[in-house]
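The values are calculated or read from the model by the stated rules, or taken from the named source; none is laboratory data. Since we're looking at a predicted model, the values are computed, not measured. So basically every Cβ, Gly included, is an ideal-geometry build from the backbone, and we count neighbours across all protein chains shown.
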Amino acid sequence: CWIADFKNFLESARDEGLLDRTVLIVFGDHGQRIDDVRMTKGGRVEDMMPLVSVVLPKNARPEWASALLRNRNRLVSSYDFYPTFLDILSTLTSSNSSFVESAKNSSIGRSFFSDIPKNRSCEDANIEDWFCTCEERSTPRHFGTIQRNDVVCRQTAYAWVKKMNTEIIDKSKCAEISVKWINGCEEIQTPTSNHTRKFRTDFTTTPGDAFFEASAEWSINATSRSLIALRSIARNNKYGDQSYCIEAKDTILREICYCL
């Protein structure tokens, strides 16, 4: 089991004194992606904001520990690892200080050991809309949950199903799918123009009861609305043996296909 192997590795590193001169960073690339919890708001947050744990050696700069405590409830992204590593690299020798400073200045992230703003947004942290879990409500429009039967929600789901049926599914092997119901819908706040708006829709398809989370960009004004583009989609429940007729290497089609 990899958990036991990882535990043994950490214990060996500690017992051999390696952690006395090492900054240990343990992190995941994502949380639980496929289960009943993932189909909730809390599950989405866990998926998009996985664990990051930093352990400092006793002789680390004291201001680093203070910064970690200060930043523990502030927004960070994977881009922040690079400037963090540069800060660690700067302690090894003074001869590389100019390189480190130059590299930090060109980085789009912020070091974990710097003062990360309390109000840092997904845009500031270079986090794409799809992965953003922030729910800003400080603008004139109300962002957040909207009615499931809203025309934008329904048309987003139908447009995605049409795309899957016409562009992705192998009709010689897979059943044509249709929208069974709309599970939920949210508007995503973005820094785009007032008429360009993004929505995330959760919907279930039949046959197979596949649960999808999908996003789309719309142009909306007082008199009209039109779909600009379909953005991202992911299946959040298990497909089991529904796609037995599809090769394992075709991961996208395996999530969608309900074999005939």
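Quick notes
- Filtered residue count, region 231-255, keeping only those that are closer than 24 Å to GLU186 by Cβ, in contact with a Ser or Thr (Cβ under 8 Å, 6 or more places away or on another chain) and of a type in the set (A, V, I, L, M): 1
- Near pairs, Cβ below 6 angstrom, 6+ apart or cross-chain, from region 204-227 (farther than 20 Å from ASN183 by Cα) to any residue that is part of a loop (DSSP other than H, G, I, E, B): SER219/HIS195; ASN221/HIS195
- Within region 197-223, considering residues that are buried (at least 20 other Cβ atoms within 10 Å of the Cβ) and among the hydrophobic types (A, V, I, L, M, F, W, C), the one modelled with the lowest pLDDT: PHE199
- Number of residues in region 48-58 that are within 21 Å of ALA214 (Cβ to Cβ) and not in a helix (DSSP H, G or I) equals 1.
- Consider region 154-186 and keep the residues that are at pLDDT below 90 and part of a loop (DSSP other than H, G, I, E, B). The one that is surrounded by the fewest Cβ atoms within 10 Å (Cβ to Cβ) is SER172.
- Total residues in region 90-125, condition over 21 Å from the mean Cα position of the chain (by Cα) and surrounded by fewer than 15 Cβ atoms within 10 Å (Cβ to Cβ): 14
- Residue ranges of helices (runs of 4 or more DSSP H) in region 59-147 with at least 2 members modelled with pLDDT of 90 or more and either in the same structural domain as GLU46 (by TED's automatic domain parsing) or over 25 Å from HIS30 (Cβ atoms) (or both): 62-71, 81-89
- Of the listed requirements (1) closer than 29 Å to ASN183 by Cβ; (2) without any contact (Cβ under 8 Å) to a residue 40 or more places away in the chain; (3) not polar (S, T, N, Q), PRO83 misses just one: (1).
- Residue ID - nearest to ILE182 (Cα to Cα), chosen from residues in region 228-258 that are in contact (Cβ under 8 Å) with a residue 60 or more places away in the chain, buried (at least 16 other Cβ atoms within 10 Å of the Cβ) and charged (D, E, K, R): ARG235
- Residues located in region 26-47, provided they are of a type in the set (A, V, I, L, M, F, W, C) and either exposed (fewer than 15 other Cβ atoms within 10 Å of the Cβ) or not assigned by TED's automatic domain parsing to the domain that holds PHE81 (or both): VAL26, PHE27, VAL37, VAL45
- The residues of region 1-47 that are without any contact (Cβ under 8 Å) to a residue 40 or more places away in the chain, in a loop (DSSP other than H, G, I, E, B) and more than 30 Å from TRP130 (Cβ to Cβ), listed by number, are CYS1, GLU16, GLY17, THR22.
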